[in-house]
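Novice: Attaching a single structure in structure tokens format; questions to follow.
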Amino acid sequence: MTAQRHIPSVDSLLKQPAVSELVNLYGHVWTVEAIRQVLDQLRSSPELCQSLTTDSIIVTLRQKLESQASFSIKPVINATGVLLHTNLGRAPLSEAGFEAIGNLVGAYSNLEFDLSKGSRGNRSIHATQMLKQLLGVESALVVNNNAGAVLLILSALVKGKKVAISRSQLIEIGGGFRIPEVMRQSGAKLYEVGATNRTHLSDYAAALDDGAQMILLAHPSNFKISGFTAQPELHELIDLARQYQVPLVYDLGSGALLDTSAYGIAREPTVQEILAAGADLVCFSGDKLLGGPQSGIIVGRQTLIARLNRHPLYRALRPDKLILITLSAVLLSYLRGKADSEIPLYQMLSRSLDELKQTAQEVLRQLGQGELQEGQSTIGGGSLPEESLPTWLVAFSTPLPEKLCKSLREQQPPVIARIQKDQVVCDLRTIRPKDLPVFTKSLEKALIAIKEKHEK
Ligand SMILES: *Cc1c(COP(=O)(O)O)cnc(C)c1O
């Protein structure tokens, strides 16, 4: 109890010049609240009061306010080797993307203003123009994400009607997206055709004979069915849809515009080839293999897109200006034929093994510990599930690998590594070259921190 008598009052702290500075920065109300929290902490743990000084209280107070005022969302270094890590924000944005946001955030814009007419415009035209040019489609619409795109398409076009979909495509994507559940939300009626492993053209024809008003195809982007399997060819399904005058909609998920096989991984169907085959609408994510911001992109027939654009749900799903501007910047890279050199996802896919090995060796040389190992980077983000790319890792043996990972996460910026065979490994492929110095420094600090803990 004696030590508690030394705990100063809120008022006496507020009279300190150093605390006045904090009041200037964070405001009176917030600072007083933080002072109360610090003093409460001291009262509840008398051992903290032993070496108590006003200065040490102010240091604690400043740290508390700084931490409360920092954004809880912050940059991290992705050393996992998962290129589209859903928990780490999927595709990182290109330089062009964030320059574009930088120019826009503080300013008004012609988001919904037609500069030539001087009257109300339409926000959807910005990315639409570029998508039309890039893909040669009649029309396009951008929404918040691809789950929203599927929901909007079904709600606007087939509410209360039957939709034919193969049993092999009743997929679940991480984060609670399941085709049957989205369909139920939209009010469309699921008409399952075929068997889990085999679906035939005649199965679809039977559904259309029975009144199905749409053929929906969902690309199984995060799993593979192999063995005794069958699916009709896309062109056969498109002919069938034409014959019955119903739209064929393809939820492509990952949405590659470039041929992924050029990067040493399996070939994903491209948006261009599905459109060329004659699909009426194609939808895909903006932040998977396109390498852009979170968004859902719908491309295809003008008459169908116009119905989506008019539907009340579009108002709830429309993207904000920051998304539209960053997406435009990414699409511009594709239009200029510079996607592979400007978009981080493709830069990472293109990194050579030699360069990765040299980089890993340099990190190890600076640390004076750890070992070089061959490893595999993966695509992630629910794309290309069985695909991996050879890479080079730096690996660290420690009796407590979880502790080292935790210590890495506590660095500024946090480093996210993984544990493999009881070792902590960092994949160089997903670490931006410009982050290497801070990455190496953080590794060094984390290794020292756990060594100290271990020795204690
Ligand atoms: C990823 C994916 C979705 C969901 O896309 P989000 O942009 O994450 O909402 C829907 N359908 C398929 C086939 C997918 O792969």
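Novice: Determine which member of the set Gln361, Gln369 is in contact with a strand residue (DSSP E or B) (Cβ under 9 Å, 6 or more places away or on another chain), without any contact (Cβ under 8 Å) to a residue 12 or more places away in the chain and not in a strand (DSSP E or B). Give the derivation first.
Specialist: Numbers: Gln369 fails: without any contact (Cβ under 8 Å) to a residue 12 or more places away in the chain.
Of Gln361, Gln369, the one residue that is in contact with a strand residue (DSSP E or B) (Cβ under 9 Å, 6 or more places away or on another chain), without any contact (Cβ under 8 Å) to a residue 12 or more places away in the chain and not in a strand (DSSP E or B) is Gln361.
Novice: Just to verify a result, which residue in segment 44-96, among those that are among the β-branched types (Val, Ile, Thr) and open to solvent by less than 50 Å² (accessible area, probe 1.4 Å), is nearest to Thr31 (Cα to Cα)?
Specialist: Once the filter is applied, the top-ranked residue is Ile58.
Novice: Next up: Given (1) away from the ligand (no atom under 15 Å from the Cβ); (2) in a loop (DSSP other than H, G, I, E, B); (3) buried (at least 17 other Cβ atoms within 10 Å of the Cβ); (4) not small (Gly, Ala, Ser), where does Asp203 come up short, assuming only one miss?
Specialist: With respect to (1) away from the ligand (no atom under 15 Å from the Cβ); (2) in a loop (DSSP other than H, G, I, E, B); (3) buried (at least 17 other Cβ atoms within 10 Å of the Cβ); (4) not small (Gly, Ala, Ser), Asp203 is out only on (2).
Novice: Being more than 9 Å from the ligand (Cβ to nearest atom) and open to solvent by 10 Å² or more (accessible area, probe 1.4 Å) is the filter here; which residues of segment 283-313 pass it?
Specialist: Of everything in segment 283-313, those that are more than 9 Å from the ligand (Cβ to nearest atom) and open to solvent by 10 Å² or more (accessible area, probe 1.4 Å) turn out to be Pro293, Arg301, Gln302, Thr303, Leu304, Ala306, Arg307, Asn309, Arg310, His311, Pro312, Leu313.
Novice: I need the helices (runs of 4 or more DSSP H) fully contained in segment 207-311, keeping only those with at least 1 residues that are within 22 Å of Leu170 (Cα to Cα) and touching a residue at least 40 places away in the same chain (Cβ under 8 Å).
Specialist: Where helices (runs of 4 or more DSSP H) fall fully within segment 207-311 and carry at least 1 residues being within 22 Å of Leu170 (Cα to Cα) and touching a residue at least 40 places away in the same chain (Cβ under 8 Å), they are 234-244, 271-277.
Novice: Among the residues of segment 133-140, is there at least one that is modelled with pLDDT under 95 and acidic (Asp, Glu)?
Specialist: No, every residue in segment 133-140 fails to be modelled with pLDDT under 95 and acidic (Asp, Glu).
Matching residues to (1) at pLDDT 95 or above; (2) part of a loop (DSSP other than H, G, I, E, B); (3) among the charged types (D, E, K, R):
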| site | (1), (2), (3) |
| --- | --- |
| Val163 | yes, no, no |
| Ser168 | no, no, no |
| Pro180 | no, no, no |
| Tyr191 | yes, no, no |
| Thr196 | no, yes, no |
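Novice: Turning to a different aspect of this structure: Quick one: which residue in Leu141, Leu131, Leu151 is within 13 Å of the ligand (Cβ to nearest atom), surrounded by 22 or more Cβ atoms within 10 Å (Cβ to Cβ), under 25 Å from the mean Cα position of the chain (by Cα) and within 22 Å of Arg301 (Cα to Cα)? Spell out the reasoning first.
Specialist: Working: Leu141 fails: within 13 Å of the ligand (Cβ to nearest atom); Leu131 fails: within 13 Å of the ligand (Cβ to nearest atom).
It is Leu151.
Novice: Next up: In segment 312-337, what residues are free of Cβ contacts under 8 Å to residues at least 24 places away in the same chain and in a helix (DSSP H, G or I)?
Specialist: Pro312, Arg315, Ala316
Novice: Name the single residue that is surrounded by the fewest Cβ atoms within 10 Å (Cβ to Cβ) among those in segment 154-179 being under 19 Å from Asp287 (Cβ atoms) and in contact (Cβ under 8 Å) with a residue 12 or more places away in the chain.
Specialist: Among those that are under 19 Å from Asp287 (Cβ atoms) and in contact (Cβ under 8 Å) with a residue 12 or more places away in the chain, it is Gly175.
Novice: Now a separate question. Out of contact with any His (no Cβ under 8 Å at 6 or more places or on another chain) and either aromatic (Phe, Trp, Tyr) or assigned to a helix (DSSP H, G or I) (or both): is that true of Val137 in this structure?
Specialist: no
Novice: One residue is enough: does segment 255-265 have a residue meeting the conditions within 12 Å of the ligand (Cβ to nearest atom), at pLDDT below 95, under 19 Å from Leu152 (Cα atoms) and open to solvent by less than 10 Å² (accessible area, probe 1.4 Å)?
Specialist: Yes - at least one qualifying residue is present in segment 255-265.
Novice: Same structure, new question: Sort out which residues of segment 70-106 are among the small types (Gly, Ala, Ser) and either modelled with pLDDT of 90 or more or within 15 Å of the chain's Cα centre (by Cα) (or both), and write them in order of number.
Specialist: Ala79, Gly81, Gly89, Ala91, Ser94, Gly97
Novice: Can you name the residue in segment 237-254 that is within 14 Å of the ligand (Cβ to nearest atom) and in contact with a Phe, Trp or Tyr (Cβ under 7 Å, 6 or more places away or on another chain) and is also modelled with the lowest pLDDT among such residues?
Specialist: So the first thing to find is which residues in segment 237-254 are within 14 Å of the ligand (Cβ to nearest atom), and the list is 249-254.
So of that shortlist, the ones also in contact with a Phe, Trp or Tyr (Cβ under 7 Å, 6 or more places away or on another chain) come out as 252-254.
Working: Leu252: 96, Gly253: 93, Ser254: 90.
Only one residue fits best here, namely Ser254.
Novice: Look through Leu190, Leu234 and report the one residue that is open to solvent by 50 Å² or more (accessible area, probe 1.4 Å), in contact with a helix residue (DSSP H, G or I) (Cβ under 7 Å, 6 or more places away or on another chain) and within 16 Å of the ligand (Cβ to nearest atom). Explain how you work it out, then say what you get.
Specialist: Values: Leu234 fails: open to solvent by 50 Å² or more (accessible area, probe 1.4 Å).
Residue meeting the stated conditions: Leu190.
Novice: Does Asp340 qualify as being away from the ligand (no atom under 16 Å from the Cβ), under 21 Å from the mean Cα position of the chain (by Cα) and of a type outside the set (A, V, I, L, M, F, W, C)?
Specialist: Values: away from the ligand (no atom under 16 Å from the Cβ): yes; under 21 Å from the mean Cα position of the chain (by Cα): yes; of a type outside the set (A, V, I, L, M, F, W, C): yes.
When the stated conditions are applied, Asp340 passes them.
Novice: Still on this model: Starting from segment 436-456, keep only residues that are under 25 Å from Gln358 (Cβ atoms), then list their pairs with residues that are assigned to a helix (DSSP H, G or I) and open to solvent by 90 Å² or more (accessible area, probe 1.4 Å) whose Cβ atoms are within a distance under 6 Å, requiring at least 6 positions of separation or different chains.
Specialist: Cβ pairs passing all conditions: Thr440/Gln366.
The values are calculated or read from the model by the stated rules, or taken from the named source; none is laboratory data. Just so it is clear, the model here is predicted, and its values are computed rather than measured. Cβ atoms come from the backbone with ideal geometry, glycine included; neighbour counts cover every protein chain shown. Quick note on the areas: whole protein, heavy atoms, side chains included, nothing else; ligands and nucleic acids left out. Shrake-Rupley method; radii C 1.70, N 1.55, O 1.52, S 1.80 Å.
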